[in-house]
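Chemist: Quick one: this structure, given as structure tokens, is what I'll be asking you about.
The values are calculated or read from the model by the stated rules, or taken from the named source; none is laboratory data. Everything numeric in this text was worked out from a predicted model, so none of it was measured. No Cβ is skipped: glycine too gets one built from the backbone with ideal geometry, and neighbour counts run over all protein chains shown. For accessibility, only protein heavy atoms count, side chains too; no ligands or nucleic acids. Shrake-Rupley method; radii C 1.70, N 1.55, O 1.52, S 1.80 Å.
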Amino acid sequence: MGFNCNALLLKDFYKMCHLTMIKKEMTRSVSYYTPRMSRINRWDHVVNFGLQAFCKTWLIDFFNENFFNRPEDEVVEEYRKYSEYTMGKGVVDVEPIRALYRLGYLPVEIVSLPEGALVPMHCPIFGITNTHPDFAWLGQALESLISAEMWYPMICATVGHTYREVVNKFYRETCDDNIPRRRALGNFDFRGDQGVDAALKAGSAWCLSFVNSATVPVIPYLEKMYNCDCTKEEVAFGAVSTEHFVMCSNSAFDIAANPDDTYEYKDIDPMRERVLIKRLLTEVYPHTSFSCVSDSYDYWNVVNNILPTLRNEILAHDGCLLVRGDSGDPVKVVTDTVFALWNLNLPGNKVNSKGYKVLDPHVKALYGDSITVQRAEQIYQILKDNGFAASNVSLGVGSFSTHCFEEDGMLKPFTRDTFSSAIKAVYAEFTDADGNVRKMPIFKDPKTDRDTGHGFKKSQRGCCSVYTENGDYKFVDGLNWEEAYYGHNELKTIFKDGKLTKEETLNDIRQRLNNNDF
């Protein structure tokens, strides 16, 4: 992140003045992050992902660098400056900010379900409470930051899991059981995401379900945040691939370099890409699989006319040529490409153990960047209906699918409201003048919301205990802190007093999400 400021300024303005509104006698508050409803009919669960990375990035690194490690007066006066300039002198009490600085750490505890867990609507995913009685205000003061950072990686992880479910279905039906599913699709969303931070969230979330990714920095990000090592395990893999810049510039050069004809004539030569494809197969990558974008001029000319003339070179190539379309109807282009490649009659064409055709391993069809969930399903279904295995294609997912979902003829954009994700306070403890602790459930239940027939804004009431029943998470509320967290509860402490207390690895999360079948 290129922008640094006082870490406690990462909030909505109105939260700055809540310190003067809440009861001074409050010594504990508990809040939960909960997906309250789904606006995507296909989804009734969300993948829990991103909390460990959030804690490392913001609650540890950012708070240390931009709060605790700065001079006290500088931090406090900066907070005072922006509160007084916007809301007036004396409206915001800055002394609790000074007290937090002097404490030297964030006195909060975060309890969470494991990352990679599929969590149903209404069930709390994680909770936050204070560990020091003077800072009951802190959990909700962090709400804006937590909400802003957490909804996107969870949605992107849910997107990736949805694609993986589609792959699982069609691979089970049409492919040999030993064909890996984790390489069926790759993400290409970097250039279309909302900046580098979003691309890292989307790319790392994608890698819970697949290993193919075009986003280079997702590997060091996952290594830092989720304790993996790309030299020892499959974190993510890039692909050797041409692009239009490569195809068109080589074509122009090869045409101009031909002494037999003028450039103007060769510019319309239907075999113009043959020189480059042959060179890639025999000279540049003789022992490496690569994808070749083939629609810079005339895609079907490449598939139907050029590739048959390179049959010997394709068979001599120690790798796979992935023939990539990049325009037109993706479903038709990629499926018709499979049929055309089969008709090359390469000697490695075969029928697998489930009775479906599999292309010679020297060729494959690829379409990147444009494959929605629906298009993936259509492609696999057409291949199945025509007797071909799903593994004959490699598909790509772009930023469209990390920004919205196509359903019922509508585009449904992803926002925090996709799952109506919110952090709501549900419990508080107050200590009276005699030292007696009063334990109080707090909740919201708007009648106007119930009147609409939705009722999704109703919060839990009191602390919650989450348990599993028939393989799914359920919860009970109405508990006090001790009842919830000193009894059986799937919500486990992962962060406390400025430090992570439990860390998950990328492999842990992948196996959990994929039922030990990554």
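Chemist: Need the full-extension length gain, Lys81 to Arg438, defined as separation in residues times 0.36 nm minus the C-alpha distance. One decimal, nm. Mind showing how you got there, number by number?
Modeler: Working: separation 357, 0.36 × 357 = 128.52 nm, distance 3.63 nm.
So the chain would gain 124.9 nm between Lys81 and Arg438.
Chemist: For region 329-483, what is the convex hull volume of its Cα atoms per residue in Å³? Provide the component values of the computation, followed by the final result.
Modeler: Values: hull volume 33.2 nm³, N = 155.
Given the Cα convex hull of region 329-483, per-residue volume reads 214 Å³.
Chemist: If you count, for each residue, the other Cβ atoms within 10 Å and average over each peptide, how do 469-475, 244-250, 137-143 line up from highest to lowest?
Modeler: Ranking, from highest mean packing down: 137-143, 244-250, 469-475.
Chemist: 222 nm [θ] for the chain, helices only, -39500 (n - 2.57) per DSSP H run of 4+, per residue, to 500?
Modeler: -9000 deg cm²/dmol, from helical runs alone.
Chemist: Given H placed 1.01 Å from N in the peptide plane, which residues other than close sequence neighbours of Gly398 have an amide H under 5 Å from its amide H?
Modeler: Phe188, Asp369, Ser370, Ile371
Chemist: Sticking with this structure for a sec: What accessible area per residue, rounded to a whole number of Å², is obtained for the chain using a probe radius of 1.4 Å? Please list the in-between numbers first.
Modeler: On the way: 23100 Å² over 518 residues.
Computed with neighbouring chains in place, this is 45 Å² per residue.
Chemist: Please report, as a whole percent, how much of the solvent-accessible surface of the chain comes from carbon and sulfur atoms (probe radius 1.4 Å).
Modeler: About 50 percent, which is the carbon plus sulfur part of the accessible surface.
Chemist: Still on this model: From the phi angles alone, apply the Karplus equation (6.51, -1.76, 1.60; θ = phi - 60°) to region 355-362 and give each ³J(HN,Hα) in whole Hz, x where the residue is Gly or Pro.
Modeler: For region 355-362, the Karplus curve yields x, 10, 6, 10, 5, 3, x, 7 Hz.
Chemist: Identify all aspartates and glutamates with a Cα-Cα distance to Lys357 below 15 Å; exclude those on the same chain that are fewer than 8 residues away in sequence.
Modeler: Glu173, Asp176, Asp177, Asp336, Asp385
Chemist: To continue, here is another question. Could you please state, rounded to a whole Å, how far the C-alpha centre of region 333-356 is from the C-alpha centre of region 477-517?
Modeler: Region 333-356 and region 477-517 have Cα centres separated by 47 Å.
Chemist: Hey, what do the phi angles of region 109-122 turn into as Karplus ³J(HN,Hα) couplings, whole Hz, using 6.51/-1.76/1.60 and θ = phi - 60°, x for Gly and Pro?
Modeler: Calculated HN-Hα couplings, in order: 10, 10, 10, 8, 5, x, 5, x, 6, 8, 10, x, 4, 6 Hz.
Chemist: Sticking with this structure for a sec: How much of the pair distance distribution for the chain lies past 31 Å, counting alpha-carbon pairs only, in percent?
Modeler: 54 percent
Chemist: Could I ask something else about it? Taking every alpha carbon pair in region 102-232, what does the distance histogram look like in 5 angstrom bins from 0, in percent?
Modeler: Taking all Cα pairs of region 102-232, the binned fractions are 2, 9, 15, 17, 16, 15, 11, 7, 4, 2, 1, 1, 0 percent.
Chemist: Also, quick follow-up: Please work out the Cα center distance from region 3-55 to region 150-221, rounded to the nearest Å.
Modeler: 26 Å
Chemist: Related question: Taking only C-alpha pairs under 8 Å that are 6+ residues apart, what is the relative contact order of region 364-460 in percent?
Modeler: This gives 18 percent for region 364-460.
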